[in-house]
Amino acid sequence: MNRIAPISRLPCRLGDALRDNRPAIAVVQWAFVVLYLVLLILPALVPGDDAHAGALHRLGRFAEVLFWGVWWPGVILSVMLIGQFWCGLLCPDGTLTEFASRHGKGGRIPGWLRWPALPLAAFAVIGVFEYALQAHDTPRGTLLLIGTMTALAVVCGVFVGRGKRVWCRYACPVGGVFSLLARCAVLHFRVDRAVWDAAPRPFPKPVDCPALLDIRRLRSNEKCSMCARCSGHRNAVALAWRKPGEEIAALREDEARPWEAAGIVFVLIGLLYGALHWQHSPWHHALLARDVPAMPAALAAVLLPALVLGGGTALLLAVASGGRHLTATRLAYALIPLGGFGLFLGALEHALHILHEEGFAVAPLLPWLRAAVLLPATVWSARAGCAILGHGAAARTCFTAGSAVLALVWQFAPYSFAA
Ligand code: SF4
């Protein structure tokens, strides 16, 4: 480690600094909890028709801007670029569930909670109903949506695990998506197995990993919340740079999970596209004009594009992989950058919408914003896919062209700045 250049050592130093400053981090964590609860609860207490609650209404608007305009896009981008530091260091739910777990019953983790597809499945269900009901458009909807997750995180901490973040590891729906996005990140905790195994006795105390990970065998950012508690352990663990897409390209066939590939294709890409865009499409309005009840129309707005776009994406993977099931599964992971930036774009567009409602002339920015986000995302996905496909020129061209078409679907996605 001493031979590496100073710029390469920056993450290592950052990791050690985070490990050594846990009391200061705890102060920031609890400050975030207080800020979060105030911004979540106070606006929801204001009656919708209370004309005299101007200051509280402004607070509600401020909370909406912070939640959906700053926090959500910022966290998505940070997870994709540098990993799940948000989860390990700042997330109020993580702080609360760990605190509850330290003082709770310390029960065993039930088998059903360990079902690996649970977070992504929960995210899909919540996503469908959240967008069908437009819960994020009102303070009470936001409280119901986000507050329920916080309550479940606390309940999980009270009953399960001893001082751990069982909720974050096994159940957090947002964590299900972040686990995918974090595979793209350029930072990770690298473990040198040889140095770990050769560490002199007596061994230091085992790391209190809140995510219950087997750190010695850590190869993926997937479930690591980047809390840095393991930094420097046995001189074998260090926060380090890696190439964008390195983890995706290095994914072995036995590590690629079909259910996760389906989640990337039908949830991260298909469902989120529907949730964020289809309600603005003329077909959606045509459906409503035919006197279809609002709820079925809203559900169709999410589910139809999920099936159509997801099905088209699955076809691309099948063709590019030459019908080889395992290659197609691995290849799905290469679409995480495109899907993740599609989600980021949706969050940014919501922020633009809020600015538009506040009187800012931001609508003309939309096509440029989309292009600026989608171009690097397409290159990122195409490079990751080509690394997986190896030397087959036809397959690489097919995957690259398919990724570009997918990007165009986002570029020309329906959007309306009407209220
Ligand atoms: S492996 Fe565990 S202890 Fe190490 S940074 Fe990740 S979550 Fe924290």
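Coordinate-derived values only; no laboratory data. All figures in this text were calculated on a predicted structure; none of them were measured in a lab. Using ideal geometry, Cβ is built from the backbone for each residue, glycine included, and neighbour counts are taken over all protein chains shown.
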**Message:** How large is the Kirkwood hydrodynamic radius of the range 256-411, counting all unique pairs of alpha carbons, in Å?
**Reply:** 16.4 Å
**Complete:** For the range 224-235, in residue order, the Karplus 3J(HN,Hα) values (coefficients 6.51, -1.76, 1.60; θ = phi - 60°; whole Hz; Gly and Pro = x) are 6, 8, 6, 6, 6, 5, 8, 4, x, 4, 6, 6
**Item:** Projected label distance in nm at Ala24 and Leu133, using a 7 Å step from Cα toward the beta-carbon
**Value:** 4.2 nm
**Message:** If you filter the range 201-273 for trypsin sites (Lys or Arg not before Pro), then keep DSSP loop positions with at most 10 other Cβ within 10 Å, what is left?
**Reply:** Arg252
**Message:** What does the extension gain come out to for Ala387 and Leu145, with contour length at 0.36 nm per residue minus their alpha carbon separation?
**Reply:** 83.2 nm
**Prompt:** Long-range amide H contacts for Ala228: which residues qualify at under 5 Å (H placed 1.01 Å from N, peptide plane, sequence gap of 5 or more or a different chain)?
**Reply:** none
**Asked** If the chain between Phe203 and Arg257 were fully stretched, how many nm would it gain, using 0.36 nm times the residue separation less the Cα-Cα distance?
**Response** 16.0 nm
**Complete:** One finds, for Ser416 and Arg162 with R0 = 45 angstrom and r their Cβ-Cβ distance, a FRET efficiency to the nearest 0.05 of 0.35
**Complete:** Rounded to the nearest 0.05, FRET efficiency between Ala250 and Asp192 (Cβ-Cβ, R0 22 Å) equals 0.85
**Item:** Contact order relative to length of the range 120-269, as percent, for alpha carbon pairs under 8 angstrom and 6 or more apart
**Value:** 25 percent
**Prompt:** Normalised by the number of residues in the range 6-182, what is the relative contact order in percent for Cα pairs under 8 Å and 6+ residues apart?
**Reply:** 29 percent
**Request:** Find the Cα radius of gyration of the range 6-182, compare it with 2.2 N^0.38 Å by division, and give the number to two decimals.
**Result:** 1.12
**Item:** C-alpha center-to-center spacing [the range 142-175, the range 59-122] in angstrom
**Value:** 8 Å
**Item:** Protection proxy ranking, peptides 299-312, 328-341, average beta carbon neighbours within 10 Å, highest first
**Value:** 328-341, 299-312
**Asked** Given charges of +1 on the Cβ of Lys and Arg and -1 on the Cβ of Asp and Glu, with all other atoms neutral, how large is the dipole of the range 307-419 about its Cα centre, in debye to the nearest 20?
**Response** 600 debye
**Request:** Please give the calculated 222 nm ellipticity per residue for the chain, where each DSSP H segment of at least 4 residues contributes -39500 (n - 2.57) and the sum is spread over every residue; nearest 500 deg cm²/dmol?
**Result:** -19000 deg cm²/dmol
**³J(HN,Hα), Karplus 6.51/-1.76/1.60, whole Hz, each residue of the range 385-390, x for Gly, Pro** = x, 5, 5, 6, 6, x
**Prompt:** In a GNM of the chain with a 10 Å cut-off on Cα contacts, which of Glu260, Glu130, Glu358 has the highest mean-square fluctuation?
**Reply:** Glu358
**Computed label-point distance, nm, for sites Asp214 and Arg61 using a 7 Å Cα→Cβ extension** = 5.4 nm
**Fill in**
For the chain the mean separation of alpha carbon contacts under 8 Å (6+ apart) over residue count, i.e. relative contact order in percent, is 18 percent
**Message:** At a 10 Å Cβ-Cβ cut-off, how would you order Ser8, Ser321, fewest neighbours first?
**Reply:** Ser8, Ser321
**Request:** Just report the Cα centroid separation between the range 239-271 and the range 353-407, whole Å.
**Result:** 17 Å
**Complete:** Note on the chain: alpha-carbon gyration tensor, axes a ≥ b ≥ c; rule is a/c under 1.5 for rounded, else prolate if a/b larger than b/c, else oblate; result oblate
